1. Return a whole-number percent for the relative contact order of region 203-305, with Cα pairs under 8 Å and 6 or more residues apart as the contact set.
2. With the contact rule set at Cα under 8 Å and sequence spacing of 6 or more, what percent relative contact order holds for the chain?
3. What angle, in degrees between 0 and 90 and rounded to the nearest 10, separates the Cα long axis of helix 10-26 from the longest principal axis of the Cα atoms of the chain?
4. Would you mind telling me the share, in percent, of accessible area of region 1-138 contributed by carbon and sulfur at probe 1.4 angstrom?
5. Net charge around Gln270, counting only other residues with Cβ within less than 15 Å of its Cβ (Lys, Arg = +1; Asp, Glu = -1)?
6. In Å and whole numbers, how far do the C-alpha atoms of region 1-95 stretch along each principal axis, longest first?
7. Against the longest principal axis of the chain, how steep is helix 163-176, in degrees 0 to 90 to the nearest 10, with axes from Cα atoms?
8. At 1.4 Å probe size, put Asp294, Asp132, Asp153 in order of accessible surface, largest to smallest.
Amino acid sequence: MKFRAKIVDTACLNHFTRVSNMIAKLAKTCTLRISPDKLNFVLSDKVANGGVSMWCELEQENFFSEFQMEGVSAENNEIYLELTSENLSRALKTAQNARALKVKLTNKHFPCLTVSIELLSVSSSSRVVTHDIPVKVIPRKLWKDLQEPTVPDADVSIYLPVLKTMKSVVEKMKNISNHLVSSFFSEKSSQVCSSGCVSLEEPCLIIEANLNGELNLKIETELVCVTTHFKDLGNPPLASENASQDRNSEQMAEVHIDIRKLLQFLAGQQVNPTKATCNIVKNKIVHFDLLHEDVSLQYFIPALS
């Protein structure tokens with residue numbers, strides 16, 4: 001296996017740094033998948049156990065001036081590396097105003113992703129700062145668990161409001177109550193509510209949307225009910241056409257999720273997307289799909305059971 005790449009364009013370097021910072025906020029550890037055309041940052045917690053999944057994809061030609069790799073074999077021309085996300089983010093923090101950045105897979109008594117940053121000095125000569133990031137090479141037999149997640153057919157797909165606005169709203173909702181439940185709240189629900197939130201330690205947010213471009217964020221407790229309404233957001237054309245055949249456009253599809261996982265996703269956004277979509281599979285999962293020119297991010301949060 002071999003991998004080496006180089007970035008010389010300042011805008012590309014800063015963009016790659018922002019992506020790395022975003023990944024560090026979304027996942028403590030992740031898998032870096034290297035293929036001839038793309039880089040992927042992958043998080044694949046078991047959704048069945050309440051874990052989130054992430055698939056971030058970069059077209060390598062939009063970032064790197066040089067990119068060479070050889071996978072485990074000609075038939076399986078890919079490399080999968082497990083790393084601590086913050087280590088890469090921390091290394092790239094020294095790359096501001098750098099002349100060039102080089103990344104190489106090395107072996108220094110253990111596998112490393114070696115990041116070399118060429119910096120300009122006061123005398124216009126350059127100096128190189130090197131970071132050796134420990135990685136774990138993932139064997140071929142485990143690759144099947146690290147493929148792009150299958151996107152289930154959504155009951156409703158809707159464009160998201162400005163993410164900073166959405167983050168501010170969700171933060172305020174979390175402060176109102178740590179225990180959030182569905183609109184069908186049972187009178188005897190201090191421990192079990194109709195939404196399936198089973199304890200005060202599992203804060204629950206309801207996301208609901210329809211094909212009229214309406215999105216609601218909702219919490220409800222014994223003391224207070226709060227709903228934030230977003231209107232005229234729009235629905236992706238193809239998704240709307242497919243879903244509208246069987247669904248009233250005003251009918252809401254909802255999912256109950258852990259508000260902390262949504263906040264982690266919103267707080268991690270370092271790249272302003274040109275398109276942001278929310279796909280709701282009723283009572284099962286919410287799938288966020290963000291696109292910013294040459295970077296795409298898919299993030300899956302399972303429903304609370």
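The values are calculated or read from the model by the stated rules, or taken from the named source; none is laboratory data. Keep in mind that what you see is a predicted model, and the values were worked out from it rather than measured. All Cβ positions, glycine included, derive from the backbone under ideal geometry; neighbour counts span all protein chains shown. Only protein heavy atoms, including side chains, enter the accessible area calculation; ligands, DNA and RNA are left aside. Shrake-Rupley method; radii C 1.70, N 1.55, O 1.52, S 1.80 Å.
1. The value is 24 percent.
2. Contact order relative to length: 19 percent.
3. 50
4. Its accessible area is 45 percent carbon and sulfur atoms.
5. Spelling it out: positives minus negatives among the neighbours equals +3.
6. 41, 36, 19
7. Helix 163-176 and the main axis of the chain meet at about 50 degrees.
8. Ranked from most to least accessible, the order is Asp153, Asp132, Asp294.
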